[in-house]
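The values are calculated or read from the model by the stated rules, or taken from the named source; none is laboratory data. These figures come from a predicted structure and were not determined experimentally. Note: ideal-geometry Cβ built from the backbone for every residue, glycine included; neighbour counts use all protein chains shown. All accessible areas refer to the heavy atoms of the entire protein, side chains included, with ligands and DNA or RNA removed. Shrake-Rupley method; radii C 1.70, N 1.55, O 1.52, S 1.80 Å.
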Amino acid sequence: MMIGFPLLMYYFWVCLEYYQGKLISPEHLFSMASWQDFLVHDIWDHIKLGAAPTWTAFFIYGGYVLFSFILAAVMPGPVVEGLPVPSLKGEKLKYICNGLSSWYVTLALSGVLQYTKWFDLALIVDNFGGIMTVAILWGFIMSTLVYVISTAKGTNHRMSGNFFYDYFMGACLNPRIGPVDLKMWAEIRVPWPVLFYITLSCMIKQYENSGTVTAPICFMLLAHFLYSNACQKGEECIPPSWDIFYEKDGFMLIFWNMAGVPFTYCYSSIYLLKTELATGTPITHSTPYTIFLFVCLLLGYYVFDTGNSQKNRFRMEQVGTFMMRNGFPQLPWGHLKHPTYITTEHGNLLLTSGWWGIARKPHYTGDLLMALSWGLITGFGSFLPYFYFCFFLCVLTHRVSRDMERCAKKYGKDWDRYCERVPYIFIPYVY
Ligand code: NDP
């Protein structure tokens with residue numbers, strides 16, 4: 001995966017940048033010469049041409065990463081406690097949740113930069129290949145630094161002894177620089193805002209090129225804004241999550257957050273722009289189809305947002321960390337006033353009302369609906385805008401099976417009672 005994923009990212013990028021999203025292959029699959037020609041001319045020459053790590057790319061990506069790190073260190077926000085960490089003798093780490101204030105400052109600053117033309121955001125998509133390379137390199141560099149420093153400091157945990165496995169899964173649990181928890185910062189502050197800015201850049205480029213913006217690109221901007229915004233406004237729910245509490249800070253999380261998410265989840269936006277630039281004709285759809293997809297996106301978002309919020313707020317109320325924040329938007333039904341639940345011998349309560357009385361993973365269903373709509377808004381000309389949906393479907397179905405197995409072990413017969421009470425996982429009467 002460590003070798004294959006970056007290669008796949010380059011391959012998809014070449015297909016998008018130079019072949020309008022067509023998945024290219026050697027002319028003759030069983031001929032060495034054909035493969036050589038394909039790898040050298042179709043892939044490598046294009047990478048050299050459009051994805052070299054230039055200084056401009058370095059300043060754009062590095063500038064954002066550094067800026068977001070500084071904001072994470074200095075901006076105000078509520079402090080929440082994580083779960084007790086066994087390796088720290090049950091100590092609860094504190095997390096400054098200043099994602100929302102940092103997000104608003106970033107949006108305001110980028111608005112000023114664009115308005116004054118000190119930095120034209122269209123440069124992001126103009127330098128997409130180079131920025132992606134810088135992000136990939138940074139993914140490797142940061143993973144290595146975290147691994148080496150934690151090994152030197154002796155803060156490693158659960159090491160298997162196999163270097164490659166440990167490098168991939170990580171060595172330490174909660175690396176920090178000053179007040180900034182590197183894992184949480186990397187998970188929330190980099191991937192989603194970068195994804196949003198890539199799409200905003202596509203929209204500005206489209207406007208600069210044709211003097212107009214199309215409904216599909218507005219759709220993608222709304223989609224990526226909603227996702228990024230949701231991560232910042234619900235940040236206080238993240239410290240007790242599996243990634244923060246249990247997962248180590250290794251290549252898997254670091255690379256994926258620093259490079260994988262922003263530079264693969266953006267294919268719909270890039271495809272819309274590149275197709276228009278190559279053919280001179282923007283991708284648009286009939287009004288009913290476009291409205292239908294906006295409805296799907298907003299419906300998916302509503303279920304995703306309120307589903308996560310119902311469960312997290314319910315759990316936070318149990319442990320006394322609940323706080324009402326004013327991040328926009330606060331949707332109706334996001335907080336259940338008199339929830340029903342199943343008590344367990346373990347002590348945790350399992351929510352059975354709201355969306356959680358209808359399905360066991362309602363927020364996954366909403367998330368998947370959004371992911372599918374990101375593909376459908378581009379039409380059916382290329383597989384690449386559907387890559388995110390396909391990949392995400394695999395990730396979530398794998399997560400569901402692991403999670404159900406873990407909960408069945410953890411809660412025993414109480415889990416069986418819960419499954420009887422809420423028999424469907426994604427959609428009632430379907431699955
Ligand atoms: P979940 O929100 O599904 O959390 C699972 C845990 O919640 C379980 O292990 C259990 O933990 C607890 N739980 C399960 N059922 C109940 C219940 N009825 N009442 C109370 N607690 C319950 O975790 P994820 O981190 O997988 O997902 C969070 C969100 O992030 C989702 O919306 C998902 O779609 C999204 N996501 C997005 C990704 C992306 O790349 N776009 C990648 C991964 C996730 P316990 O042991 O405490 O009981």
Next item on the list: Working with all protein chains in place, sort TRP35, TRP138 by solvent-accessible area computed with a 1.4 Å probe, largest first.
Entry: TRP35, TRP138
Notebook entry, point to check: LYS89: which lysines have alpha carbons under 19 Å from its alpha carbon, excluding same-chain residues fewer than 8 sequence positions away?
Noted result: LYS153, LYS248
Check: Evaluated at 4 °C with a viscosity of 1.567 mPa s, what Stokes-Einstein diffusion coefficient in µm²/s does region 25-120 have when Rh comes from the Kirkwood expression over alpha-carbon pairs?
Finding: 71 µm²/s
Item checked: With eigenvalues of the C-alpha gyration tensor scaled by 5 and rooted, region 195-313, Å -> 31, 19, 10
Notebook entry, point to check: Alpha carbon centre of region 339-378 versus region 187-207: separation in Å?
Noted result: 27 Å
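With a 1.4 Å probe and all protein chains in place, put PHE389, PHE322 in order of accessible area, largest first.
PHE322, PHE389
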Next item on the list: Calculate the tail of P(r) for region 260-347: the fraction of all Cα-Cα distances greater than 21 Å, expressed in %.
Entry: 58 percent
Notebook entry, point to check: With the dipole of the chain worked out from charges on the C-beta (+1 for Lys and Arg, -1 for Asp and Glu) around the Cα centre, which of ALA408, MET169, LEU107 lies farthest toward the positive end?
Noted result: ALA408
Next item on the list: For the chain, give the magnitude of the charge dipole about the Cα centre (Cβ charges: +1 Lys/Arg, -1 Asp/Glu; no others), in debye to the nearest 20.
Entry: 1140 debye
Check: Roughly how much of GLU91 is accessible, in Å² to the nearest 10, using a 1.4 Å probe?
Finding: 90 Å²
Next item on the list: Give me the aspartates and glutamates in straight-line cross-link reach of LYS94: C-alpha distance below 19 Å, same-chain residues under 8 apart excluded.
Entry: GLU81, ASP181, GLU187, GLU235, GLU236, ASP243, GLU247, ASP249, GLU317
Item checked: Taking the C-alpha atoms of the chain, convex hull volume expressed per residue in Å³ -> 172 Å³
Check: region 6-77 to region 106-157: how many Å between their Cα centroids?
Finding: 15 Å
Next item on the list: Please list, or write none, the aspartates and glutamates whose alpha carbon is within less than 13 Å of the alpha carbon of LYS233, excluding same-chain residues fewer than 8 places away.
Entry: ASP305
Item checked: Tilt relative to the chain, helix 387-411 - C-alpha long axis, 0 to 90 degrees, to 10 -> 20 degrees
Check: What is the pair-distance distribution P(r) of region 54-278, computed from all Cα-Cα distances in 10 Å bins starting at 0, with each bin given as a whole percent?
Finding: 8, 32, 34, 18, 7, 1, 0
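Heavy atoms only, probe 1.4 Å: what % of the accessible area of the chain goes to carbon and sulfur, would you let me know?
About 68 percent, which is the carbon plus sulfur part of the accessible surface.
Could you state the accessible area per residue of region 107-231 in Å², with a 1.4 Å probe and every protein chain left in place?
Result: 41 Å² per residue.
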Notebook entry, point to check: Once the Cβ-Cβ distance between LYS89 and THR397 is put in as r, and R0 is 45 Å, what FRET efficiency do you end up with, to the nearest 0.05?
Noted result: 0.75
Item checked: Range of Cα positions in region 360-431 per principal axis (Å), largest first -> 49, 21, 14
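What does the extension gain come out to for SER25 and THR54, with contour length at 0.36 nm per residue minus their alpha carbon separation?
Going from the current span to full extension adds 7.7 nm.
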